[in-house]
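> This is the structure I want to talk about, given as structure tokens.
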Amino acid sequence: MASYEINGGNLLNGTVTISGAKNAAVAILPAALLVSGKCRIENVPDISDVRILLEILEGMGVKIYKPERHVVELDCTDLQYTEPDPTQVTQLRASYYLMGAQLGRFGKAHVALPGGCNFAARPIDQHIKGFLALGAEVDETDNYIAMEPGENGLHGNRVSLDMASVGATMNVMLAATLLPGQTIIENAAKEPHIVDLANFLNTMGARITGAGTDTIKIKGVNSLKGGCYAIIPDQIEAGTYMAAVTAVGGNVLVQNVIPKHMECITSKLEEMGAKIINYDDSIRIIRNGRLRKATVKTRPYPGFPTDMQAQVCVCMTIAGGVSRLTESVYETRFFGYCTELESMGANIQINGKTATVSGVERLYGATVCAHDLRAGAALVIAGLAAEGTTRVEDIHFVERGYEDLIDKFTALGAEISRIED
Ligand code: EPU
């Protein structure tokens, strides 16, 4: 078990470069299973979720080369059907994309149920609803999902999701790309990584339109050829560094971002007192005055992301006045970090979906535990803003999704180190 040790209080100044988007990478890498050829994927983040996924794909017979740290070449030309290693599959959430990708490529799938961050109940009934609509016969046990073509075979169809699920939208796209006929996903999720997956598949020869709106149309094609594709920058990693500057103070240029993807976050941080200047592919964030209270409600994109809930909550803990933070995607997400923040001096009352955060003068260093990825990132921000020394334990959660976190914060002037227990 490793921890971060943070001596708080240093302002953050300088430049930070954002890595490729985790939640795009973990869908695009399995999508390579659909490609009967070689694909070169650039701007792949070097994080533990991606490393596990690449090991799973290699175990499934994919030939993988890494010519550079952020470039992965995958060759699925003569791929034979192989079940992914169940032990590895249960290590991450995004392994559910292997279901759609296997069904799409081989017409059948047998994949262990996913693991990953367990900050809430995370059912996959909408993924299964999609697979059933595409003609699959689905056998679900406590540990596995097994799929085969049903009586009428696999075919395009209309899939109306009960909620705009990111995972279900992408899984249906993966399963439908190579099926005969047209698939229409209604009430589709609109997050930037949905568009990125569609762009990747289209670059490889798919016919997908409407990604980024709530109706996505997929005209099935016979095969996908190889090609080259670069993953978008990580909206949430960028937002995390911006929240850190907002909480701690300083002046940082956040580069390799798509400012449009950041609008829902920048407007709230501005409301709290940060000054933000947008450039073509970078954002300067400056915070030197007192933080102001805010009201934030998380929503699917283009709303304020649930994956930024914990980081903005840290800003609220030291803002003047009483802030309100409402979660509308995962109700139980507060429990991953609010108690930890309280042990650092924060004043947070949780009532159902809403946390009422009464700003305090300052946070104080403490030993706290990361219970999931974003909760861990928030505790790092809290440690950077706090007076004294903070130890964040269980940082393997943070390393799932943040590349070079220590180096990036150190370059901005923070005092943070990794302790191997
Ligand atoms: N839901 C269902 N049934 C389903 C699918 C979802 O009830 O079949 C519910 C969920 O319980 C939740 C809501 O629908 O209340 C939205 O879930 P969604 O399917 O959109 O989330 P996900 O695909 O499991 C992805 C990200 C999460 C991010 C959410 C929301 C990946 C691998 N994970 O999860 O990312 O919080 O979308 O944007 O892409 C993270 O990066 O820290 C993270 C948790």
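> Two-decimal Rg/Rh of the range 231-336 from alpha-carbon positions, Kirkwood Rh?
0.94
> Take every Cα-Cα pair in the range 97-223 and report what % of them are more than 20 Å apart.
Working: 2968 of 8001 pairs.
Here the long-distance tail beyond 20 Å is 37 percent of all Cα pairs in the range 97-223.
> If I fit a long axis through the Cα atoms of helix 259-271 and take the longest principal axis of the Cα atoms of the chain, what angle between them do I get, 0 to 90°, rounded to 10?
30
> Given the C-alpha atoms of the range 307-389, compute the convex hull and give its volume per residue in Å³.
Values: hull volume 5.9 nm³, N = 83.
Measuring per residue, one finds 71 Å³ for the Cα hull of the range 307-389.
> When the convex hull of the Cα atoms of the range 226-289 is projected onto a plane and the area is averaged over all directions, what value comes out in nm²?
For the range 226-289, the mean projected area of the Cα convex hull comes to 4.5 nm².
> At q = 0.13, 0.20, 0.24, 0.26 Å⁻¹, what log₁₀ I(q)/I(0) does the range 128-200 have when each alpha carbon counts as one equal point scatterer in the Debye sum?
Result of the Debye calculation: -0.37, -0.85, -1.11, -1.21.
> Next up: Over the C-alpha atoms of the chain, what are the Rg and the largest Cα-to-Cα span, Dmax, in Å?
21.4, 66
> Where does each of 337, 330 land when they are ranked from fewest to most other beta-carbon atoms within 10 angstrom?
330, 337
> For the range 302-354, place one equal point scatterer on every Cα, skip the solvent, and apply the Debye formula. What is log10 of I(q)/I(0) at q = 0.15, 0.18, 0.25, 0.29 Å⁻¹?
-0.38, -0.55, -1.07, -1.41
> Where in the chain is the longest stretch that carries no GluC sites (Glu not before Pro) classed as loop by DSSP and with at most 15 other Cβ atoms within 10 Å?
Counting at most 15 other Cβ atoms within 10 Å as exposed, the longest clean stretch of the chain is 152-360.
> Please quote Rg/Rh for the range 344-421 to two decimal places, taking the Kirkwood radius as Rh and restricting both calculations to Cα atoms.
0.99
> Across the range 196-352, how many lysine pairs separated by 8 or more positions, or lying on different chains, have Cα atoms within less than 25 Å?
10
> In percent, what relative contact order does the chain have, based on Cα pairs under 8 Å that are 6 or more apart in sequence?
22 percent.
> Provide 39, 228 in ascending order of the number of other Cβ atoms located within 10 Å of each residue's Cβ, fewest first.
By the 10 Å Cβ count, ascending: 228, 39.
> Pop out the Kirkwood hydrodynamic radius of the range 1-98 from its pairwise C-alpha distances, inverse of mean 1/r, in Å to one decimal.
One decimal place: 15.0 Å for the Kirkwood radius.
> May I pose another question? Which value in Å is the Kirkwood Rh of the range 59-135 over different Cα pairs?
After inverting the pairwise mean of 1/r, the radius is 14.1 Å.
> Evaluate the relative contact order of the range 261-320 (contact order divided by residue number), counting alpha-carbon pairs under 8 angstrom at least 6 apart; express in whole percent.
32
> Going by how many other Cβ atoms sit within 10 Å of their own, how do 373, 291, 384 line up, fewest first?
Fewest-to-most Cβ neighbours within 10 Å comes out as 291, 373, 384.
> Which three extents, in whole angstrom, do the alpha-carbon atoms of the range 276-421 cover along their principal axes, largest first?
Here the spans come out as 39, 37, 30 Å, largest first.
> Also: When each pair of different Cα atoms in the range 129-287 is counted once in the 1/r mean, what is the Kirkwood radius in angstroms, to one decimal?
Its Kirkwood hydrodynamic radius stands at 17.8 Å.
> Quick check on the chain: helices-only [θ] at 222 nm, where DSSP H runs of length 4 and up contribute -39,500 (n - 2.57) each and the sum goes over total residues. Nearest 500, please.
Result for the chain: -9000 deg cm²/dmol, rounded to the nearest 500.
> Taking Cα atoms, how many degrees apart are the long axis of helix 235-248 and the longest axis of the chain, rounded to 10 and kept between 0 and 90?
Relative to the chain, helix 235-248 is tipped by roughly 10 degrees.
> Also, quick follow-up: Mind pulling the angle between the C-alpha long axis of helix 48-59 and the longest principal axis of the chain? Nearest 10 degrees, somewhere in 0 to 90.
Taking the Cα atoms of the chain, the angle to 48-59 is about 20 degrees.
Rule-based calculations on the coordinates, nothing more; no lab input. Bear in mind that the values here come from a model prediction, so they are computed numbers and not experimental data. Cβ: placed from backbone, ideal geometry, glycine included. Neighbour counts: every protein chain shown.
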